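The values are calculated or read from the model by the stated rules, or taken from the named source; none is laboratory data. Keep in mind it's a predicted model, so treat the numbers as computed, not measured. Note that each Cβ is placed from the backbone with ideal geometry, even for glycine, and that neighbours are counted across all protein chains shown. To get the accessible areas, we keep the full protein, side chains included, count just its heavy atoms, and leave off ligands, DNA and RNA. Shrake-Rupley method; radii C 1.70, N 1.55, O 1.52, S 1.80 Å.
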Amino acid sequence: DVVETQEHYKSRWRSIWIMYLTMFLSSVGFSIVIMSVWPYLQKIDPTADASFLGWIIASYSIGQMVASPLFGLWSNYRPRREPLVVSTAISVAANCLYAYVHLPHSHNKYYMLTARALVGFGAGNVAVVRSYIAGATSLTERTSAMANTSACQAVGFILGPVFQTCFTLIGEEGITWKLIHLQLNMYTAPVLFGALLGVINIILIFAIFREHRVDDMGRQCKSINSEGEESGGLDQDAEGNIDHVAVVAINFLFFVILFVFAVFETIATPLTMDMYSWTRKEAVFYNGIILSVVGIESVIVFMVVKMLSKKTGERAILHGGLLIVLVGFFILLPWGKKLPNIQWQEIKNNSIPRTTSTEMLMPFWSLEALQLPSNHTVEPVGCPITQSWCLNTPMIYLAQYISSDILIGLGYPVCNVMSYTLYSKILGPKPQGVYMGWLTASGSGARILGPVFVSQIYTHLGPRWAFSLICGVVVVSLLLLEIVYKRLIAFSVRYGRMQE
């Protein structure tokens, strides 16, 4: 065993900070264009519809899901600098491609789809980042480092739209650099800024990042990824098998955690438009504020959970986080008697449609709404009549919605950090690249399936069914956690090398 020197300690933490930056930039790469994708898509290719927009949004997660295990496998056998630089370079190139998708004369939407998929592919390096941090921290440092990593990711998601908003000052036309056919406008400037950040990240990886590895006790070890100059003592604690039951359990729990949060993000706008008769503009604005507050809440939780885990342990906090998420979705269930405003889209000749069996369910204001002039241009608001559940499902009060947002914003970051921390501790001194790749892939899969699930169930069956099913999924997760609770322990503790 080699005692860690002060110089090694400083170099190790400088490298970890570079990983924090890489995580931040990968999330900025996703969120910096999320608000402008739809108007930019309509501008460059009028043939694109809303369903194609769904594919463009999902392509990021699909790319990340494919790339994560591949980059993880690469990092198990080669210096991590290689997959980190290559993945970041792919993201830089993809952002540049996004800035030029207006140039082709046809099929522009497919170029945009390719660009976003490649940005997601480059973001597969989060598996490398987390596997490095897991190997470069002791057990006592792990929770704090994982919380910082998740906090950097959350801050990236929050600041991305802020950067986008700043670039709207350039306007839709902007300026054109004819020599290289580059249009610098509110749609392309954010991705070019992201590309610049990526280049800076690559430079920092070459200049500062070094391979380091310590065992669970914090003793310097030789890394299989080392290029020679940072090698320390040999790791003799890697003997023993990984508990694959615990590994699969954490993968499932992580899938559920990201699945329910993806549902939460996706449902916010349509739910509030249906329940509170908000216009599209109001729904985007108000939910943008709410999600920003939830993001800030999450960053605070990431910081608090580092201290709390030292007193209670990760498993208990994960259990508590899942319970909070369950309560958050349970509150969202429709409980009252008041029905939401009904949106009548076809209003002709100031006439009231023939009486139907559902008329008795209509509140007085829905009949008044039918008296609007036939040539009105006001945006229809309320719960659309095409969703049959609107006629018999009670509305979800605003207080319920806000309370649910607060609880989910509290429970999600807790579960996120504890999943990564427990997972890395279960894997122990074994190379974690591929395993972290699978965990990232399960999260990406959840972000793809969550919106599909909620859009189908919510549209056809309503919020009662949608949120009841979510509650059922979380209950199953809690039962699984109870079953495997005693197996979710650190590798070194499992083999008696450390006390729990």
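Considering the conditions (1) touching a helix residue (DSSP H, G or I) at 6+ places or on another chain (Cβ under 7 Å); (2) under 15 Å from residue 252 (Cα atoms); (3) of a type in the set (Val, Ile, Thr); (4) open to solvent by 20 Å² or more (accessible area, probe 1.4 Å), residue 474 is excluded by exactly one of them, (4).
Filtering segment 419-432 to residues that are of a type outside the set (A, V, I, L, M) and within 17 Å of residue 145 (Cα to Cα) leaves 419, 420, 421, 423, 424, 425, 428, 429, 432. Residue check: residue 62 meets all listed conditions (1) exposed (fewer than 15 other Cβ atoms within 10 Å of the Cβ); (2) under 21 Å from residue 118 (Cα atoms); (3) not basic (Lys, Arg) but one, namely (1).
Exactly one residue out of 61, 106, 51 is more than 25 Å from residue 262 (Cα to Cα) and either modelled with pLDDT under 90 or among the acidic types (Asp, Glu) (or both): that is 106. From the list 118, 113, the one residue that fits, being at pLDDT 90 or above, open to solvent by 60 Å² or more (accessible area, probe 1.4 Å), of a type in the set (A, V, I, L, M, F, W, C) and under 24 Å from the mean Cα position of the chain (by Cα), is 118. Restricting 443, 409 to residues that are within 14 Å of the chain's Cα centre (by Cα) and closer than 17 Å to residue 126 by Cα narrows the list to 443. Can you tell me how many residues in segment 475-500 are at pLDDT 85 or above and among the aromatic types (Phe, Trp, Tyr)? The number of residues fulfilling the criteria is 1. Checking the structure you have, find out if any residue of segment 154-170 is at pLDDT below 85, over 30 Å from residue 102 (Cβ atoms) and not β-branched (Val, Ile, Thr). Taking every residue of segment 154-170 in turn, at least one turns out to be at pLDDT below 85, over 30 Å from residue 102 (Cβ atoms) and not β-branched (Val, Ile, Thr). Looking across segment 156-171, the residues that are touching a residue at least 60 places away in the same chain (Cβ under 8 Å), more than 30 Å from residue 422 (Cβ to Cβ) and open to solvent by less than 40 Å² (accessible area, probe 1.4 Å) come down to 161, 164.
Within segment 395-427, the only residue that satisfies the criterion of being open to solvent by less than 10 Å² (accessible area, probe 1.4 Å) and assigned to a loop (DSSP other than H, G, I, E, B) is 396. Considering (1) modelled with pLDDT under 90; (2) on the phi < 0 side of the Ramachandran plot, the lone condition that residue 469 does not fulfil carries the number (1). Taking the stated definitions as given, is residue 324 part of a helix (DSSP H, G or I), open to solvent by 10 Å² or more (accessible area, probe 1.4 Å), touching a Gly at 6+ places or on another chain (Cβ under 8 Å) and touching a residue at least 12 places away in the same chain (Cβ under 8 Å)? So residue 324 fits the description; yes. Is it the case that some residue within segment 76-97 is closer than 30 Å to residue 431 by Cβ, touching a Gly at 6+ places or on another chain (Cβ under 8 Å) and aromatic (Phe, Trp, Tyr)? No, every residue in segment 76-97 fails to be closer than 30 Å to residue 431 by Cβ, touching a Gly at 6+ places or on another chain (Cβ under 8 Å) and aromatic (Phe, Trp, Tyr).
Among the conditions (1) open to solvent by 10 Å² or more (accessible area, probe 1.4 Å); (2) touching a Pro at 6+ places or on another chain (Cβ under 9 Å); (3) under 18 Å from residue 191 (Cα atoms), residue 135 misses just one, which is (3).
The rows are residues; the columns are (1) under 21 Å from residue 421 (Cβ atoms); (2) touching a residue at least 24 places away in the same chain (Cβ under 8 Å).
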residue	(1), (2)
128	yes, yes
148	yes, yes
154	yes, yes
175	no, no
184	no, no
204	no, yes
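Only a single criterion out of (1) free of Cβ contacts under 8 Å to residues at least 40 places away in the same chain; (2) over 25 Å from residue 37 (Cα atoms); (3) of a type in the set (Gly, Ala, Ser) is not satisfied by residue 75, namely (1). Is it true that residue 434 is touching a residue at least 40 places away in the same chain (Cβ under 8 Å), β-branched (Val, Ile, Thr) and surrounded by 18 or more Cβ atoms within 10 Å (Cβ to Cβ)? Criteria met by residue 434. No other residue among 401, 412, 423 is in contact (Cβ under 8 Å) with a residue 60 or more places away in the chain and touching a Phe, Trp or Tyr at 6+ places or on another chain (Cβ under 6 Å) apart from 412.
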